[in-house]
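One structure below.
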Amino acid sequence: MNEAAAQSVSELTRAIKDELESIFPFVRVKGEISNCKQHSSGHVYLTLKDAEAQMPAVIWKSVRSRFPMELRDGLEVIAEGRLEVYPPAGRYQLICTSLSGTGEGAQQQALAELIARLAKAGYFDPGRKKPLPRIPRTIGMITSPTGAVIRDMIDVFARRFPAAALLLYPVQVQGDRAVESVVQALGYFNDPPLTEHRPDVIILARGGGSSEDLQAFNDEAVARAIYSSAIPVISAIGHETDLSVADMVADLRAGTPSIAAERAVPDREELLRHIDSLARRQAIIMEGKISGAQLQVDSICGSYAFNRPVLMLGQMEERLVTLQKEAARGASEKLRQREMLFDAAAERLAMLDVRRVLQRGFALVSGKRGYVTSSELLTPGDSVDLTFQDGSRRAEIRDGIGS
């Protein structure tokens, strides 16, 4: 036997490694997980098997964080990755780059894992639920623009509270673009280009359907959009027996879209009755206050302190009348005395009146220089005027009579 032609184990293993890894750079395989173990390093080691074969597989720590589904023995999965030969153990293994569940069971598991993750993050906590406005002015509706859902809600609003303004953001409620459409609608209402397009409450509604039809409302992106909404959200997805993640995150869950509309607005008739009751109560309170105030006014008006100024004013009026009378009497007496003095003075003045002197036979003599009071003031030939009590005469001085 020729030893020179023999290969070492490592040489053969490397040859197999190169050949196998070049032939299978990518594989997609379905199998059941067994012997699943997570190493302290964060890597996961497991075996994929079916009824006739098994294959070792590994999920590196950096890859494991990309798919948060729970891994356990007995779970059927679809794994994607590449084949690799591990020389120290002399075996091949699947290096997983992607892992997903299969069938309805996988969907239920993924949904359960999402609910658990959101619950841990506090998405369902009652304490973070926002209260609904008692009397909303504007209501935003996120639903399909056609079908019974929108018609039923409009009918309820028209019957219960027609004063509310309705804003519809039409969305796809199922299909590939449903999640994106709903997320965009929630974002629009929270930050609209026009202030009048910002509602006081949002209703997210969809009619009944299969679990696949409602899948968009079990999506994490929709849950995050509802959780992040600053506006209260009412969720009414499917029938009353259906419960979606959107229902659990929303501030209020309604069994049907019609119930959501009823919960969003008050009953007009009940509101009017309440307003009428408040008006009557206010009128009674006002009447009581007026009556109380009137009693206080009457009490004050009848009090001595309030009436004392009135009494004092009456006394002052009486005193004023007395003073007026005394002043009138004093003024009358003063006037009478002044009249007597005036009459006496007038009599004295009358006695000095030149006309009375002239009546006694005297005459006034006046010349060029005025009244002549002495004979020495006249010389023969002077002309004088003689004034008598009944007229005047001109005279000429011819000669003096005297010593």
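The values are calculated or read from the model by the stated rules, or taken from the named source; none is laboratory data. Since the structure is predicted, the reported quantities are computational estimates derived from the model, not experimental observations. Here the Cβ is made from the backbone with ideal geometry for all residues, glycine too, and neighbour counts use every protein chain on show.
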Cβ-Cβ under 8 Å pairs, at least 6 apart or on other chains, region 7-26 side on the phi > 0 side of the Ramachandran plot, far side in a helix (DSSP H, G or I): none
In region 253-306, how many are of a type in the set (Ser, Thr, Tyr) and outside any helix (DSSP H, G or I)? 2
Sole miss for Ala163 among (1) surrounded by 14 or more Cβ atoms within 10 Å (Cβ to Cβ); (2) at pLDDT 90 or above; (3) assigned by TED's automatic domain parsing to the domain that holds Gly255 is condition (1)
Go through (1) within 14 Å of Ile231 (Cα to Cα); (2) loosely packed, with under 15 Cβ neighbours inside 10 Å one by one and return the number of the condition Pro199 breaks. (2)
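Any residue that is more than 26 Å from Ile115 (Cβ to Cβ), polar (S, T, N, Q) and surrounded by 10 or more Cβ atoms within 10 Å (Cβ to Cβ) - is there at least one of those in region 40-56? Spell out how you get there, then give the answer.
The first filter runs over region 40-56 and keeps only residues more than 26 Å from Ile115 (Cβ to Cβ), leaving 40-41, 43, 45, 47-56.
Within this subset, residues satisfying the condition of being polar (S, T, N, Q) are 40-41, 47, 54.
Still in the list and also surrounded by 10 or more Cβ atoms within 10 Å (Cβ to Cβ): 47, 54.
Yes, region 40-56 contains at least one residue that is more than 26 Å from Ile115 (Cβ to Cβ), polar (S, T, N, Q) and surrounded by 10 or more Cβ atoms within 10 Å (Cβ to Cβ).
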With respect to Tyr123, is the statement that it is more than 22 Å from the chain's Cα centre (by Cα), outside the structural domain of Ala254 (by TED's automatic domain parsing) and under 15 Å from Ser229 (Cβ atoms) true? yes
Here are some residues: Thr143, Thr138. Which one is touching a helix residue (DSSP H, G or I) at 6+ places or on another chain (Cβ under 8 Å) and farther than 14 Å from Ala264 by Cα? Thr143
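Just wondering, is there one or more residues in region 98-113 that are surrounded by 12 or more Cβ atoms within 10 Å (Cβ to Cβ), assigned to a loop (DSSP other than H, G, I, E, B) and more than 36 Å from the chain's Cα centre (by Cα)? It would help to see each step written out before you state the result.
Step one: list which residues in region 98-113 are surrounded by 12 or more Cβ atoms within 10 Å (Cβ to Cβ), which gives 98-102, 106-113.
Among the residues that remain, those that are also assigned to a loop (DSSP other than H, G, I, E, B) are: 102.
The next check asks that each one be more than 36 Å from the chain's Cα centre (by Cα); those that pass are 102.
Yes, region 98-113 has at least one match.
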Please find, within region 247-272, the residue that is farthest from Gly209 (Cα to Cα) out of those that are free of Cβ contacts under 8 Å to residues at least 60 places away in the same chain and among the hydrophobic types (A, V, I, L, M, F, W, C). Leu272
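Being at pLDDT below 85, assigned by TED's automatic domain parsing to the domain that holds Gly175 and within 20 Å of Ala116 (Cβ to Cβ) is the requirement here; does Asp242 meet it?
Numbers: at pLDDT below 85: yes; assigned by TED's automatic domain parsing to the domain that holds Gly175: yes; within 20 Å of Ala116 (Cβ to Cβ): yes.
Yes: the conditions hold for Asp242.
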Residues of region 33-58 being within 59 Å of the chain's Cα centre (by Cα) and not hydrophobic (A, V, I, L, M, F, W, C), which ones? Lys37, Gln38, His39, Ser40, Ser41, Gly42, His43, Tyr45
Region 122-150, residues that are surrounded by fewer than 11 Cβ atoms within 10 Å (Cβ to Cβ) and without any contact (Cβ under 8 Å) to a residue 60 or more places away in the chain: Gly122, Asp125, Pro126, Gly127, Thr146
Would you point out the residue of region 207-230, among those that are of a type in the set (A, V, I, L, M, F, W, C) and exposed (fewer than 15 other Cβ atoms within 10 Å of the Cβ), that is farthest from the chain's Cα centre (by Cα)? Ala221
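Quick one: how many residues across region 313-363 are without any contact (Cβ under 8 Å) to a residue 24 or more places away in the chain and either outside any helix (DSSP H, G or I) or among the small types (Gly, Ala, Ser) (or both)? Walk me through how you get there before you give the answer.
Just the residues of region 313-363 that are without any contact (Cβ under 8 Å) to a residue 24 or more places away in the chain, to begin with: 313-354, 356-357, 360-362.
Subset that is either outside any helix (DSSP H, G or I) or among the small types (Gly, Ala, Ser) (or both): 314, 327-328, 330-332, 344-346, 350, 352-353, 360-362.
So the answer is 15.
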